[in-house]
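The values are calculated or read from the model by the stated rules, or taken from the named source; none is laboratory data. Not measured: the values here are computed from a predicted model. Neighbour counts are summed over all protein chains in view; Cβ atoms, including those assigned to glycine, are modelled from backbone coordinates with ideal geometry. Side chains are part of the model used for accessible areas, which takes the heavy atoms of the whole protein and leaves out ligands, DNA and RNA. Shrake-Rupley method; radii C 1.70, N 1.55, O 1.52, S 1.80 Å.
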Amino acid sequence: MSSDASPDPRPTPSRSSEPLRASTLAVTAGRPAKVPDAPLNEPITMASTYVAGGDVEYGRYGNPTWSALEEALGALEGGRCLTFASGLAAVATVLDLVGQGAKVVAPRHSYTGTMGQLADLEARGRLRTQLVDVTDTAAVVEACADAALVWLESPTNPALELADIATITAAAHEAGAYVVVDNTFATPLLQKPLEDEVDLVVHSATKFLAGHSDVLMGAVCTRDDDLYAVLKGRRDLIGAVPGPFEAWLTLRGLRTLHLRVERSQANAQELVTRLREHPALSEVRYPGFGGIISIVLAEGAMAADLLVRKTGLWVHATSLGGVESTFERRRRWKVEPATIPDGLVRLSVGVEDVEDLWADLRRALDDLVL
Ligand SMILES: *Cc1c(COP(=O)(O)O)cnc(C)c1O
């Protein structure tokens, strides 16, 4: 009786009839069977080949360490999960589903790597892309009309814009298009797109899910068994599979996801309040949840470049979602669109003490004003 209400095809066994909450799933899902002397954690299985006659056979088709991670992340998103060698390997495998010449709608401020793949596919005549402002729901809905796939990122990276996922998904489905949400920034703890009928959720598990800035990993989650089978077939064929050690590290990180996200978000909310008062900044962007803040330096790019050199705790580095606080002027990357302010610095707030983070940041910001 316990599992009937759950959309997860492989729910974590629960003795009560209530579905388990996210924090409990993060800790318990994807564990080995509880039999005497079994390890509590799924071990790292290093195997390129398996004894013939089973379901897996070869290391490109499956691995018990991936399966444990996929079970845990699938339970959190409320669907089935496939892991990939990186977030962009997952993105590429999903975009590969789009038919020859078909149209993809995507946010104009999508992750730069996703934009790069779309531009490359378009240049080679594989598909057409229509870029939209995701905050303009009416425009996105209109763009859905002749689309095969609607790609959403919410919040966007690094503009931190939010999309109306439920409304856009309903319109896209009406038009016969699939909807994908890149849920990297929100994580399944703050946003569960599959509950809004979204077809596919994509993750750069490199970021908050793994959470320690030491591994590259991607994932796709879905409730659609046919899509799952097609994507599994593409992964088997293309071979963008994760390493067993990376899968193990990501699962180890996932066990504390709720604690890290909670602390990072609490730190971010406190910092936003204080940053909004600082005269060196012309803008503080924060979607109201999560651990990412974008600030715009009033004096532009040069002030931003100075800021990232003046701190002790905050590390100037790309990427995000680790336990340590990092920040970066995004336009230092030539591929970042010109609609992102030149002086925008994206902050990835870690789990340190917020007073230490603020003291370090305020000292550097004060220096820019005096
Ligand atoms: C980093 C990132 C990706 C790409 O993931 P990798 O693991 O770096 O390949 C995709 N989407 C978003 C939103 C990201 O931040």
Checklist line | Subset of region 324-355 [among the aliphatic types (A, V, I, L, M) and open to solvent by less than 70 Å² (accessible area, probe 1.4 Å)] | finding: 340, 344, 345, 347, 349, 351, 354
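Scan region 250-265 and give yes if some residue there is touching a Cys at 6+ places or on another chain (Cβ under 6 Å), more than 30 Å from residue 364 (Cβ to Cβ), within 13 Å of the ligand (Cβ to nearest atom) and not assigned by TED's automatic domain parsing to the domain that holds residue 320, otherwise no. So that I can check it myself, show each step before the final result.
From region 250-265, those touching a Cys at 6+ places or on another chain (Cβ under 6 Å) are none; that's our starting set.
The answer is no, given that none of the residues of region 250-265 is touching a Cys at 6+ places or on another chain (Cβ under 6 Å), more than 30 Å from residue 364 (Cβ to Cβ), within 13 Å of the ligand (Cβ to nearest atom) and not assigned by TED's automatic domain parsing to the domain that holds residue 320.
Here's a check for you: in region 291-323, which residue that is within 16 Å of the ligand (Cβ to nearest atom) and surrounded by fewer than 18 Cβ atoms within 10 Å (Cβ to Cβ) is nearest to the chain's Cα centre (by Cα)? Give the steps one after another, and end with the answer.
As a first pass, look at region 291-323 and keep what is within 16 Å of the ligand (Cβ to nearest atom): 291-294, 317-322.
Checking which are surrounded by fewer than 18 Cβ atoms within 10 Å (Cβ to Cβ) leaves us with 317-319.
Numbers: 317: 18, 318: 15, 319: 11 Å.
In this case the residue turns out to be 319.
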Notebook entry, point to check: In region 57-81, what residues are closer than 18 Å to residue 182 by Cβ and surrounded by fewer than 22 Cβ atoms within 10 Å (Cβ to Cβ)?
Noted result: 78
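Conditions (1) out of contact with any Ser or Thr (no Cβ under 8 Å at 6 or more places or on another chain); (2) outside any loop (DSSP other than H, G, I, E, B); (3) open to solvent by less than 40 Å² (accessible area, probe 1.4 Å), marked per residue:
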site: 53; (1), (2), (3): yes, no, no
site: 88; (1), (2), (3): no, yes, no
site: 104; (1), (2), (3): no, yes, yes
site: 113; (1), (2), (3): yes, yes, yes
site: 122; (1), (2), (3): no, yes, no
site: 147; (1), (2), (3): yes, no, yes
Notebook entry, point to check: Taking region 90-102, which residues are within 13 Å of residue 150 (Cβ to Cβ) and in a helix (DSSP H, G or I)?
Noted result: 94, 95
Next item on the list: Take residue 250 and decide whether it is open to solvent by 30 Å² or more (accessible area, probe 1.4 Å) and of a type in the set (S, T, N, Q).
Entry: no
Note to self: Tell me yes or no: at least one residue of region 38-50 is among the acidic types (Asp, Glu) and open to solvent by 60 Å² or more (accessible area, probe 1.4 Å).
What the structure shows: no
Margin query: Given the criterion touching a helix residue (DSSP H, G or I) at 6+ places or on another chain (Cβ under 8 Å), open to solvent by less than 50 Å² (accessible area, probe 1.4 Å) and not in a strand (DSSP E or B), identify the matching residue among 129, 206, 167.
Written below: 206
Checklist line | Pair list, Cβ < 8 Å and 6+ apart or interchain, from region 67-92 residues that are within 22 Å of residue 114 (Cα to Cα) to residues that are away from the ligand (no atom under 16 Å from the Cβ) and among the aliphatic types (A, V, I, L, M) | finding: 77/194; 82/231
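Let me confirm something: among 104, 91, 98, 35, which residue is within 16 Å of the ligand (Cβ to nearest atom), among the β-branched types (Val, Ile, Thr) and more than 20 Å from residue 247 (Cα to Cα)? Before the answer, list the steps.
On the way: 91 fails: more than 20 Å from residue 247 (Cα to Cα); 98 fails: within 16 Å of the ligand (Cβ to nearest atom); 35 fails: within 16 Å of the ligand (Cβ to nearest atom).
Exactly one of 104, 91, 98, 35 is within 16 Å of the ligand (Cβ to nearest atom), among the β-branched types (Val, Ile, Thr) and more than 20 Å from residue 247 (Cα to Cα), namely 104.
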Check: Here are 306, 313: which of them is outside any loop (DSSP other than H, G, I, E, B) and either over 25 Å from residue 88 (Cβ atoms) or outside the structural domain of residue 160 (by TED's automatic domain parsing) (or both)?
Finding: 306
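Go over the candidates 206, 222, 187 one by one and state the one that is farther than 17 Å from residue 79 by Cα and either more than 11 Å from the ligand (Cβ to nearest atom) or not basic (Lys, Arg) (or both). Explain how you work it out, then say what you get.
Numbers: 222 fails: farther than 17 Å from residue 79 by Cα; 187 fails: farther than 17 Å from residue 79 by Cα.
Only one candidate qualifies: 206.
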Next item on the list: Answer yes if at least one residue in region 28-36 is assigned by TED's automatic domain parsing to the domain that holds residue 79, under 30 Å from residue 216 (Cβ atoms), touching a strand residue (DSSP E or B) at 6+ places or on another chain (Cβ under 7 Å) and small (Gly, Ala, Ser), and no otherwise.
Entry: no
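For the structure I just gave you, tell me whether residue 282 is assigned to a strand (DSSP E or B), open to solvent by 60 Å² or more (accessible area, probe 1.4 Å), outside the structural domain of residue 214 (by TED's automatic domain parsing) and not acidic (Asp, Glu). Explain how you work it out, then say what you get.
Details: assigned to a strand (DSSP E or B): yes; open to solvent by 60 Å² or more (accessible area, probe 1.4 Å): yes; outside the structural domain of residue 214 (by TED's automatic domain parsing): yes; not acidic (Asp, Glu): yes.
Judged against the criteria, residue 282 is a match.
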